[in-house]
Amino acid sequence: MISMVYARYWSMEIFTFFKGSLIGKDHQGNRYYQERFLFKKAKRKQRRWVMYRGIMEGSRVPAEWFGWLH
């Protein structure tokens, strides 16, 4: 179980390093990213995600960042 958590964490860190562009941080230290390269797919939206500081809990995202993510 713990090894799966670490594997998921590191795979997300690697994905973020290669594809992510830091947009901002909130008061809790969460970092918000969006896809650096938007490929020429007309119907696809740009991907956005959050890297949590501490516990990964969706309720820790403030309302202004929640609106930006969705």
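Key figures
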read-out	value
Any hit, segment 19-32, residues being at pLDDT below 90 and of a type in the set (S, T, N, Q)	no
Selection count where residues are open to solvent by 70 Å² or more (accessible area, probe 1.4 Å) and modelled with pLDDT of 85 or more, scope segment 53-70	7
Of all residues making up segment 18-39, the number that are among the charged types (D, E, K, R) and open to solvent by 100 Å² or more (accessible area, probe 1.4 Å)	2
Positions within segment 40-50 being at pLDDT below 90 and open to solvent by less than 90 Å² (accessible area, probe 1.4 Å), in sequence order	Arg44, Gln46
Inter-residue pairs, beta-carbon under 7 Å, first polar (S, T, N, Q) and in segment 24-35, second not in a loop (DSSP other than H, G, I, E, B), 6+ apart	Gln28/Arg60; Asn30/Val50; Asn30/Met51; Asn30/Arg60; Gln34/Ser21; Gln34/Ile23; Gln34/Arg48
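The values are calculated or read from the model by the stated rules, or taken from the named source; none is laboratory data. Remember, it's a predicted structure, so these values are computed and weren't measured experimentally. Counting neighbours? That spans all protein chains shown, and the Cβs are built from the backbone with ideal geometry, glycine included. Heavy atoms of the whole protein, side chains included, go into the accessibility calculation; ligands, DNA and RNA do not. Shrake-Rupley method; radii C 1.70, N 1.55, O 1.52, S 1.80 Å.
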